[in-house]
Amino acid sequence: SINTQRLQALDSAHHLHPFADYRLKDSQISRVIVKGEGAYIWDSEGNRLLDGMAGLWCMNVGYGRKSIADAVHAQMLQLTYYNSFFQTTHVPAVELAAKLVQISPPQFNHVFFVGSGSEGNDTIVRLVRHYWDKQGSPERQVIISRLNSYHGSTMAGASLGGWPSMHKQGGLPIPGIVHIGQPSYLEGGKGKTPEEFGLEAASWLEHKILEVGADKVAAFIGEPVQGAGGVIVPPSTYWPEIQRICNKYGILLVADEVVCGFGRLGHWFGSEYFGISPDLITFAKGVTSGYVPLGGVLVGDRVANALIEKGGEFNHGYTYSGHPIGCVAALENIRILEEEKIVDRVRTDSGPYLQKKFEALASHPLVGSAETIGFLGGLNLVKHKGATVHEHIPFESALSVGMICRAHMFDSGVIMRAIPGDRLLMSPPLTLTHAEIDEMIKLIGLGLDQTLADLKQ
Ligand code: PLP
């Protein structure tokens, strides 16, 4: 009963999509997605697609969970909305705050709720500056972030992010945000071991601190594994050295766990994978598995205790901070993650299985390298393979081989994301069984074969 052409025509006529060129080309006519179940979605033409991106890195427990829908339904009837401004609270926000404290590392005993990852990072900017103000160091304003990182689309989120294309629009970054490079071994590691390169990339933080002046720096923010900019897996030496440098200069360490949180790396939080202790964590996406928008900032004792002790209002908050519907969805989502031992499985079983299968794709003639960490992965398409990853020869960018390959994968029945540099990213639901992993790898292989066949024509 769905009229695909009608919907596509209305979509083209009236719907401005995020991150889109509004001079639409025919090739950009949208697929209409109508259903999701487990790791699969269906379009209006009946095609079934294995969602290798978990929506936008968020459907951690997969699509169509009735118990989440039931919890949301019951809460809608009980108390559709109330806020937590002005000395009121409600049951879902209290229960969720307590649950998050229980599953997070020991330094976290407080949470500030927001509606999305971008709002979470805006909250970070205001919170760390508020903290230093209360500490009697209002000149500590500068936040150091990383090039190519993604921290959201609000003014502060896009400023923390390191995408020149986003900075150009709207005159960003806002004052007091500076960037250093990413620990991308593929890009910068030539002639070094990954461990050596990890230390070198961390040293860029110390150089930047000294350049800015240590007494002016408020915080460093990074995604444990950089997601949307390319699934950049840091060498093992990187994060411990970043922690050491932050400690040395007394700078707050902020982990943006919007992608890595809630099991994606086989731990509740990605910073646990790397053994670091951030002062603040931003979360969103996987906290509700995307069923309802919700995000937040976990506030560690160092910041929370100082603010509690010093007093004074934090003039910040959103109508939908801790929305009861989002909170019950999160509580049920976390219950599912626990009951089905999904986080443990990613760490000990499905994650290692996915790694073995995905990294074997590196033997395909088109694939220069394939890396995974937990349930994140990336593969680079190359024109010629060299003896090491640093000697591969890339395709000319005008060929858009990555985009062509993504389209072939879509046609094969699997969704991946293509980014500049002919890199394809993967971030599937955490529920994948071994059989589903096998199917996903087979479909990715079909897409690669089809791309190779195209290139030979
Ligand atoms: N931080 C990271 C690491 C992200 O990947 C994203 C979104 O992809 C955000 C923040 C922004 O989250 P939202 O889109 O919910 O505002």
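Taking amide H positions as modeled 1.01 Å from N, with prolines and chain starts lacking one, the residues under 5 Å from residue 368 and 5 or more places away or on another chain are 380, 381, 382. About the centre of its Cα atoms, the chain shows a dipole size close to 380 debye [charges on the beta carbon of Lys, Arg (+1) and Asp, Glu (-1) only; nearest 20 debye]. Tell me, what is the FRET efficiency for residue 135 and residue 28 to the nearest 0.05, using R0 = 51 angstrom and their Cβ-Cβ distance as r? Result of the calculation: an efficiency of 0.55.
Electrostatic tally near residue 108: other residues with Cβ closer than 13 Å to its Cβ, Lys and Arg +1, Asp and Glu -1, net -2. Expressed as a whole percent, the proportion of Cα-Cα pairs in the stretch 67-339 lying more than 29 Å apart is 30%. Only bridges with both residues in the stretch 67-339 count here: give the DSSP antiparallel percent, nearest 5. So the antiparallel bridges amount to about 45 percent of the total. Exposure proxy for 159, 137, 321, 84: other Cβ atoms within 10 Å of each Cβ, ordered fewest to most, give 137, 84, 321, 159. Applied to the stretch 365-382, the Karplus parametrisation 6.51 cos²θ - 1.76 cosθ + 1.60 on θ = phi - 60° returns per-residue 3J(HN,Hα) values of x, 8, 9, x, 7, 9, 10, 10, 8, x, 9, 10, x, x, 10, 9, 8, 9 Hz, with x for Gly and Pro.
Across the chain, the longest piece that holds none of the GluC sites (Glu not before Pro) lying in DSSP loops with up to 13 other C-beta atoms within 10 Å covers 140-312. Estimated from the Cβ-Cβ distance and a Förster radius of 45 angstrom, the FRET efficiency linking residue 456 and residue 195 is about 0.70.
Of the two radii for the stretch 67-209, the radius of gyration is 1.07 times the Kirkwood radius, both from the alpha carbons; that is the Rg over Rh value. Note on the chain: dipole from Cβ charges, positive end direction compared against 324, 404, 227; the farthest Cα belongs to 404. Pairs over the 23 Å Cα-Cα cut-off, from the set 168/192; 168/383; 192/442; 356/385: 168/192; 168/383; 192/442.
In order along the stretch 191-202, the phi-based Karplus estimate (6.51 cos²θ - 1.76 cosθ + 1.60, θ = phi - 60°) of 3J(HN,Hα) comes to x, 10, 6, x, 5, 4, 5, x, 5, 5, 5, 5 Hz; Gly and Pro are listed as x. For the stretch 1-131, the alpha carbon convex hull comes to 204 Å³ per residue, rounded to a whole number. Here's the list of lysines a cross-link from residue 66 could span, going by alpha-carbon distance under 23 Å and ignoring same-chain residues fewer than 8 apart: 35, 99, 285, 341. Annotation: the antiparallel percentage among DSSP beta bridges lying fully within the stretch 94-239 is about 10. Pairwise over distinct Cα atoms, reciprocal of the mean inverse distance: report the Kirkwood radius of the chain in Å, one decimal place. About 23.0 Å, per the Kirkwood formula over Cα pairs. Backbone phi angles across the stretch 61-75, fed through the Karplus curve with coefficients 6.51, -1.76 and 1.60 (θ = phi - 60°), yield HN-Hα couplings of 8, x, 7, x, 6, 5, 5, 6, 4, 5, 5, 5, 4, 4, 5 Hz in residue order; Gly and Pro are listed as x. Please report the antiparallel percentage of the DSSP beta bridges confined to the chain, to the nearest 5. DSSP beta bridges in the chain are roughly 70 percent antiparallel.
Given their separation in residues at 0.36 nm each and the Cα-Cα distance between them, residue 147 and residue 313 gain 56.4 nm when the chain is fully extended. Each Cα pair under 8 Å and six or more residues apart adds its separation to the average, and for the stretch 67-339 the resulting relative contact order is 28 percent.
Here, each number is a calculation from the coordinates, and none is a lab measurement. The shown structure was predicted, so the numbers you read here are calculated from the model rather than taken from an experiment. In this analysis, Cβ positions are derived from the backbone assuming ideal geometry, glycine residues included, and neighbour counts consider all displayed protein chains.
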